[in-house]
Ligand SMILES: [Zn+2]
Ligand SMILES: [Zn+2]
């Protein structure tokens, strides 16, 4: 072992050896229990960023820890490699997206290897390769066969900048999730997946996910957006027509004073009188120009125009006017809203503006008549009034009773509704998996035959075209033959949303090389569900919801036997620098390559785990990196300068059974046991890896303290020292993967042993030794001993001070000396005494 720490040298050496020995290969068959640790796979953008480094290091530590604990660990990696950046780069530089992607994958693979990650590279999957997307297409066909994939004309989200449609989940606050462009609506015929068939199950099963954070579950639950209410039907007074309305507040039905339909409402023209036609048309034209976000904004004053016709309230027989207003949306509910200004804020503002009547039907309990005068909508629970037979009961009870009355009268029904919409998967872009569908004039829409998959992406395309998908420029792709009649047919030119590729990749890892099947059921059932999934919170709805849907749909098809893909989910925080997220546009990024080069990967790994727990944001500091590098140097020197005192096959101290050690040696042995216990618990308990790092430092300091000025080493000293050093190495091996390996094998070689630390078992502790010994703390008042108390030796100074102070103020033996007196000073002699000085 060199006296100096040269990470660049040893890291490169070990990465080569591990690759050569296939150290991290995972057999499918093993007598050990399985454990599946997974990071969300990267998009091959070109280079790793620090967010990647953090995500993959966390999962790597978990995988290595579980392996040492005796599990057969699956820890794979792959590439989410279809998508727009490759296509945009191709358009810009005239290159092929495939070439751009391959180059990026090659570079990032090198980086992942430099980080020392324990991946089984034989299971690597790349979603843009035909051997993978063949099966994405095959899964599409299975969904199509089950009527879970369908094509329909709809007003869809359109991003002008990306020149493609987007799923609802990809519209964040009215903007494109990728480029922040404001999303507009377009009427197009598109492919959808029927995720809504699984809305209830996706919601219910969130309860099963004990290993997921509440934040993600709440986000999914809100997105699915279940509400229970009623459909009420209103007859139009002037025409033989009926308007159904979905409401979650049937209890307010006696308070309706007008009714609103969306400007896009299908029957709006028939509902408008001749006199109102021009005004309504103008209003509708204007609404079309607005985005959904503008329309729903609470800031904007609500606008609308009357249609000239009326509806009849089936409960009261009252007539009220029909309006159109853009705060009603065609896609939500039935596209019509029953307006109850007294009990809905939006309706209240609208009624005030257009001087429409406001009728109170719910009152707050215990309020006087004067107090009931409304100055704003009353939306809380209360007592029913002005509601016929329902007066004086609670409005919660009335919800059910009023709906029941509508059911009995034939003008309503109970209705559960979800906010979740079907998943739009068509994309008008080239770099994605082609949708395996052809159109035949004679036979209509036809699925491509499974045995002719994959439908390959054409290569004869012109990437310089604008305003349309480059795929349309191919001369070979479009024309094909119909799988049904053999006649001429045209291919579907849309490709699939890349989120479809990522909805099943975690299954493919279980059987990555299967060319006959999507995956073998037994293998998938063996490895899945993923035991620990790690990734960013930005996927809380998108990828995590889609994957849950895929798993459930595939289970119903009999392709697998479990219904949730990810048992435990850890969403790691962001990497910040100077208080904001690292990003190219802010110019506050740190290139991982630079850190590897200057300090080595072990420093990068150690640093990225220090300071904050994985779920919290992490603040980058150059001084912190420097500090971690210094620490690893200190650990290295501790071993390299004392090699002659280390016995690789030392006598096992913890099992010595009654052997009496010297006080110093006993103390160090106890500290090592406490470190094993503490670190094991920290990793097991929600992966508190930052405190693991501080425990490495504590133990290292304790070993240095023990060494002190020691000149002579007895056999016992050597045994204890070896136990401490080799245990420290094992404890550090999931994090400082190269350093620990170098130290371990060097020390092993000295004694003729030849083993890898990464094949070692995790350390065990002896509970009786892992306890802190206690000390007697003396409590003095003005220098005189007044009391004594036993406390834990490891008690921090401030807590020691606090305990002593409480005793001085309240203790039977002490309070007479402190009562009514001012405390002027508290002196602490660590681990010995606390002296409280009071004014006499
Ligand atoms: Zn966009
Ligand atoms: Zn045909």
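The values are calculated or read from the model by the stated rules, or taken from the named source; none is laboratory data. Computed from a predicted structure; not experimentally measured. Quick reminder, even Gly has a Cβ in these numbers, built from the backbone with ideal geometry, and neighbours come from all protein chains shown.
Total residues in the range 412-445 satisfying the condition of being surrounded by fewer than 18 Cβ atoms within 10 Å (Cβ to Cβ) and within 16 Å of ligand 2 (Cβ to nearest atom): the figure is 6. Just one residue in the set 420, 424 is in contact (Cβ under 8 Å) with a residue 60 or more places away in the chain and within 16 Å of ligand 1 (Cβ to nearest atom); that residue is 424. Residue count for the range 763-793, restricted to those that are free of Cβ contacts under 8 Å to residues at least 24 places away in the same chain and crowded, with 16+ Cβ neighbours inside 10 Å: 2.
Of all positions in the range 473-485, none carries a residue that is in a loop (DSSP other than H, G, I, E, B), more than 16 Å from ligand 2 (Cβ to nearest atom) and closer than 30 Å to residue 389 by Cα. Taken together, the residues in the range 822-832 that are surrounded by fewer than 14 Cβ atoms within 10 Å (Cβ to Cβ) and either on the phi > 0 side of the Ramachandran plot or assigned to a loop (DSSP other than H, G, I, E, B) (or both) amount to 3.
Pairs linking a residue in the range 85-102 that is surrounded by 14 or more Cβ atoms within 10 Å (Cβ to Cβ) to a residue that is modelled with pLDDT under 85 and assigned to a helix (DSSP H, G or I), with Cβ atoms under 8 Å and 6 or more positions apart or on different chains, are 95/89; 96/90; 97/89; 97/90; 100/89; 100/90; 100/93.
Restricting 529, 458, 483 to those that are farther than 30 Å from residue 188 by Cα and either free of Cβ contacts under 8 Å to residues at least 60 places away in the same chain or crowded, with 17+ Cβ neighbours inside 10 Å (or both) reduces the list to 529. Taken together, the residues in the range 185-221 that are over 23 Å from residue 537 (Cα atoms), at pLDDT below 95 and in contact with a helix residue (DSSP H, G or I) (Cβ under 9 Å, 6 or more places away or on another chain) amount to 1. Do we find that residue 439 is within 20 Å of residue 84 (Cα to Cα) and in contact (Cβ under 8 Å) with a residue 40 or more places away in the chain in this structure? No; evaluated as a whole, the condition is false for this residue.
Hey, among 728, 739, 671, which residue is touching a helix residue (DSSP H, G or I) at 6+ places or on another chain (Cβ under 6 Å), in a helix (DSSP H, G or I) and over 29 Å from residue 23 (Cα atoms)?
On the way: 728 fails: over 29 Å from residue 23 (Cα atoms); 739 fails: over 29 Å from residue 23 (Cα atoms).
Sole residue among the options that is touching a helix residue (DSSP H, G or I) at 6+ places or on another chain (Cβ under 6 Å), in a helix (DSSP H, G or I) and over 29 Å from residue 23 (Cα atoms): 671.
For beta carbons closer than 7 Å, sequence separation of 6+ or different chains, a first residue in the range 813-831 that is over 28 Å from residue 774 (Cβ atoms) and a second that is surrounded by 11 or more Cβ atoms within 10 Å (Cβ to Cβ), the qualifying pairs are 821/838; 822/838; 824/837; 824/838. Taking the range 155-185 as the range and being on the phi > 0 side of the Ramachandran plot and in contact with a strand residue (DSSP E or B) (Cβ under 7 Å, 6 or more places away or on another chain) as the test, only 174 passes.
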